[in-house]
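Below is one structure; the comments refer to it alone.
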Amino acid sequence: MEEIQSHSNVSSHTHKRLKIAILVRRFVTTGGMERYCVEVTRRLALKHEVHVFAQEWTWDGDKEITFHKIPIFLRKPNFLNLLAFSYLTARSIDDSFDIIHSHERVIHFDALTVHCPCFRTYITEEKNALKRMIKWLAVGISPRKMAYLWLEDRQFRYKRNRLLLAVSEKIKKNVQENYGLPDDYLGLAFPGVDESLISEEYNTEKRETEREKLGIGKDDLVILFVGTEFKRKGLDALLRGFSWIAGPGMRLVIVGGGERKKRYRRLVKKLGIKENVMFLGLIEDMKKIYAVSDIYVLPTLSEPAGMAPIEAMAAGIPTIISSSIYAGSAEHIKNGEALILDSPDQPGQVAEALSRLLDKNLRADIGARGRELARRLTWDKTTQDTLAVYHRIVHLKESQPLFDP
């Protein structure tokens, strides 16, 4: 495998107006990967010619983006939709683009943002040889698993004129462990926060107005959880831990369209905290929810690089989050900028962290430190990191022959 050339020769490309193709099935602001794509793309469009190839989209930005409709032949099963999207985008994009940047598992791209762990991890994480062999056999009889592995193998096959962007060190390490790619082949572009969120002033009047709309008392202590996959995001441990300390005037607000919501409603009832817990479903304007919240908690068991924890810190909300072993977002956190859970599956540890933040002074201190951290993690920074990889690719294309090693 040939070593990738030095970054030092890309400076001549950094001011060039690029023609960029963005590949994503849903260009919308709901969903972590989709939101990431929209936030970076809207900033790229400020200085570059941007074309989005998508099956569906919503766009309210003031900068021009050209959209190209990719037909939907099948929404389900998902793997067939993805295979079709990969094939159709490859046929739709001509050679006029400087950069083809995908946020999906497709095979035709120059830059790829990796938002989640490799599908192959399903097999490689198994330490028992017999069980690992059984998983390989299971792949062989599953069209879905075979399709994902085939796409992934094509995605992560080394090519000298393409580069990857990982959304966290955790994801970068996962890709390297599964596919043996060199460090220089993967850049990092962490999710960011909107600077307007950092500068937002959550005054008492706004706080009370939003609380009144939700039926929350002005003096209630509000604990916020955000996640669309309740089990993976650690809601079980949170509900059990919260039940140990819940009392009058304490509210746990759950935002997200998590799976098996009825199961969790039953668990809330069983734990005797029905009056303390609110399920709000999906929320588009999270600023209103941050305005009413006193604590943010995410005891996730697996999170590549969630945006909500950093957004909560940007809003000055003291945050409890799993360690970086579980949560990519925690890679940034140090010096008391949040409370870290080493064992997020243990309700007792969650309850202990929540109990510590009953102290109003500690909440104010951690909230201020977290907000200072968030000032360094903006979407503008994410976009700059993305553009740095683009310019490396342009340099590689111009300086090396276009063939695979």
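Just one of the listed residues (Ser293, Ser323) is surrounded by fewer than 18 Cβ atoms within 10 Å (Cβ to Cβ) and modelled with pLDDT of 90 or more, namely Ser323. If the condition is being touching a strand residue (DSSP E or B) at 6+ places or on another chain (Cβ under 9 Å), assigned to a loop (DSSP other than H, G, I, E, B) and either of a type in the set (A, V, I, L, M) or within 15 Å of Val24 (Cα to Cα) (or both), then segment 46-88 contributes Gln55, Thr58, Trp59, Ile65, Ile70, Ile72. Selection of segment 130-151 for residues being modelled with pLDDT of 85 or more and more than 28 Å from Tyr87 (Cα to Cα) yields Leu130, Met133, Ile134.
Residue count for segment 31-62 satisfying the condition of being crowded, with 22+ Cβ neighbours inside 10 Å, under 17 Å from Val389 (Cβ atoms) and not aliphatic (A, V, I, L, M): 4. For segment 253-298, residues that are of a type in the set (Asp, Glu), closer than 13 Å to Phe230 by Cβ and in contact with a helix residue (DSSP H, G or I) (Cβ under 8 Å, 6 or more places away or on another chain) total 0. Looking only at residues in segment 94-120 that are more than 30 Å from Leu301 (Cα to Cα) and out of contact with any Leu (no Cβ under 8 Å at 6 or more places or on another chain), the one that is surrounded by the most Cβ atoms within 10 Å (Cβ to Cβ) is His108. Scanning segment 326-353 for residues being hydrophobic (A, V, I, L, M, F, W, C) and surrounded by fewer than 24 Cβ atoms within 10 Å (Cβ to Cβ) gives a total of 5. When Pro191 is tested against (1) free of Cβ contacts under 8 Å to residues at least 60 places away in the same chain; (2) of a type outside the set (Asp, Glu); (3) surrounded by 14 or more Cβ atoms within 10 Å (Cβ to Cβ), just one condition goes unmet, and that condition is (1). Of the numbered criteria (1) surrounded by 14 or more Cβ atoms within 10 Å (Cβ to Cβ); (2) under 25 Å from Thr386 (Cβ atoms), the one Asn81 fails is (2).
The values are calculated or read from the model by the stated rules, or taken from the named source; none is laboratory data. Everything numeric in this text was worked out from a predicted model, so none of it was measured. FYI the Cβ positions are ideal-geometry reconstructions off the backbone, even for glycines, and counts take in every protein chain you see.
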